[in-house]
1. Kindly identify the stretch 131-182 as rounded, prolate or oblate by the Cα gyration tensor criterion: order the square roots of the eigenvalues as a ≥ b ≥ c, call it rounded if a/c is under 1.5, otherwise compare a/b with b/c, prolate if a/b is larger, else oblate.
2. Identify, among Pro160, Leu105, Leu149, the residue whose Cα sits farthest towards the positive end of the charge dipole of the stretch 100-194, taking +1 on the Cβ of Lys and Arg and -1 on the Cβ of Asp and Glu, with the dipole about the Cα centre.
3. For the residue pair Glu82 and Glu132, what label-to-label distance in nm results when each label sits 7 Å from Cα along the Cα-to-beta-carbon direction?
4. Compute the FRET efficiency between Lys43 and Lys66 as 1/(1 + (r/R0)^6), taking r as their Cβ-Cβ distance and R0 = 22 Å, and round to the nearest 0.05.
5. Taking the solvent-accessible surface of protein heavy atoms with a 1.4 Å probe, what is the per residue accessible area of the stretch 25-189 in Å²?
6. Please report, as a whole percent, how much of the solvent-accessible surface of the stretch 25-189 comes from carbon and sulfur atoms (probe radius 1.4 Å).
7. Quick one: of Lys95/Lys157; Lys27/Lys56; Lys61/Lys163; Lys25/Lys192; Lys134/Lys172, which pairs are farther than 32 Å apart, Cα to Cα?
8. Would you mind calculating the relative contact order of the stretch 25-189 from Cα pairs under 8 angstrom and at least 6 residues apart, reporting the percent as a whole number?
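The values are calculated or read from the model by the stated rules, or taken from the named source; none is laboratory data. Note that the structure is predicted; figures quoted are calculated from it, not measured. Here the Cβ positions follow ideal geometry from the backbone for every residue, glycine too, while neighbour counts run over all protein chains shown. Surface accessibility is based on the protein's heavy atoms, side chains included, excluding ligands, DNA and RNA. Shrake-Rupley method; radii C 1.70, N 1.55, O 1.52, S 1.80 Å.
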Amino acid sequence: MIKCTLRFTTLALLLFTILGYAQEKKKFSSIPNVLQRIEPDAKVDSWVLVYNSYGKGEEIKTSGGKMSYTPQFSGFNLFPNEDSFYYIAYSSGGKLNYILDTEALKTFVGKVDNAQEAAIILSADGYMVDEEFKDLAGNYHEDQKNYYLDLGKLTSKECPYQKTHFTVTVNKTTGLVTNVKDNGTYIELYNKKCANNPRLLKVEKKEEPKQDELKKTPKRR
């Protein structure tokens, strides 16, 4: 009887632990902190992650010995930003190389070792950690088999500018995406030039009756 009770208690605790582990959501930190979790699988002697903002470069992470590299004028972003970008300079077999886009970054990362690397690899498909809306598009949870990432994606660059959030399931063993759930649009922005801007349409509707009234008003002699 005691053995059965102990087994039941152990199984119950294990179940609660697994469920709690699977349901606990964690918000991604800043983009630089996400990138600092990179653990490249390729044989790299040394590498440096550089953040360039308004033409000024700042080394965010260095690994291996001191490197001599040429500052780059373009790079990749995990979040759309016209004024800044990142790039990686790395030395392998005595040769200097640069990572300037998300596809090359995906190859550099290689096997997914953590949730941050999963988010980085997904950036090659347009997904992003949205630092402004982390509750919707900047968090993750995991279980023993998968990472479940809540990420944003720019789904319209036209009017309205639109972002949609997704839950993307990434298998820990294979690093492959096994499921994508569309959670809907979470932001729409119109600018002044949008022909379908609802605010402009309301203004036009208000102005139309005034023009008609002016036409109907008889001229005074």
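1. Working: a/c = 3.69, a/b = 2.01, b/c = 1.84.
Since a/c reaches 1.5 and a/b is larger than b/c, the shape of the stretch 131-182 is classed as prolate.
2. Pro160
3. It is 1.4 nm.
4. On the way: r = 19 Å, r/R0 = 0.85.
Working from the Cβ atoms, E equals 0.70.
5. Values: 8510 Å² over 165 residues.
Per residue, the stretch 25-189 has 52 Å² of solvent-accessible surface.
6. Details: 3970 of 8510 Å².
Of the solvent-accessible surface of the stretch 25-189, carbon and sulfur hold 47 percent.
7. Numbers: Lys95/Lys157 39 Å; Lys27/Lys56 29 Å; Lys61/Lys163 30 Å; Lys25/Lys192 38 Å; Lys134/Lys172 22 Å.
From Lys95/Lys157; Lys27/Lys56; Lys61/Lys163; Lys25/Lys192; Lys134/Lys172, over 32 Å: Lys95/Lys157; Lys25/Lys192.
8. Details: 344 pairs, mean separation 29.9, N = 165.
Once divided by the residue count of the stretch 25-189, the mean separation gives 18 percent.
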